[in-house]
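Input: a single structure, listed below in structure tokens.
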Amino acid sequence: MSATKMGLTIEEAAECTGIGRNTMRKLVDWGKLPVLKVGRKTIIRTDTLEHFMTVNQGRNLLNEKDVRKVE
């Protein structure tokens, strides 16, 4: 039985999207990408990540003002 992961760590999210780990952390720190905190671990829901990628297509993710926040 192989269940699809509902949540990814920052490292896993960076790997599956091609976005760098540091950039992924910035997006979380800027409040653009909502996360779940479990102790020291940060989890990003896969559906939220997909929505974020769709909403921000064509935008510069290194420019805080250019990035659209997702809920």
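With the simple model of a label 7 Å out from the Cα in the direction of the Cβ, THR54 to ARG21 spans 3.0 nm. Full extension of the segment from ASP29 to GLU64, taken as 0.36 nm per residue of separation minus the current Cα-Cα distance, would add 11.6 nm. Relative contact order, whole percent, for the chain stands at 32, derived from Cα pairs under 8 Å and 6 or more residues apart.
The calculated P(r) of region 16-62, using every Cα pair and 10 Å bins from 0, goes 23, 65, 12, 1 in percent. Rounded to the nearest 20, the size of the Cβ-charge dipole of the chain about its Cα centre is 240 debye, with Lys and Arg at +1 and Asp and Glu at -1.
Positive end of the dipole of the chain (Cβ unit charges, origin at the Cα centre): among THR48, ILE19, GLY31, the Cα lying farthest that way belongs to GLY31. In this simple spin-label approximation, LYS5 and LEU36 carry label points 7 Å from Cα along the Cα→Cβ vector, and these lie 1.3 nm apart.
Counting lysine pairs in the chain whose alpha carbons fall under 19 angstrom apart, excluding pairs fewer than 8 residues apart on the same chain, gives 10.
When ARG40, ARG21 are compared by accessible surface with a 1.4 Å probe, the order from highest to lowest is ARG40, ARG21. Surface exposure of the chain, expressed per residue as accessible area with a 1.4 Å probe, stands at 72 Å².
The values are calculated or read from the model by the stated rules, or taken from the named source; none is laboratory data. None of these values were measured; they are calculated from a predicted model. Every residue, glycine among them, receives a Cβ derived from its backbone with ideal geometry; neighbour counts consider all protein chains shown. Calculation scope for accessible area: heavy atoms of the full protein, side chains included, ligands and nucleic acids excluded. Shrake-Rupley method; radii C 1.70, N 1.55, O 1.52, S 1.80 Å.
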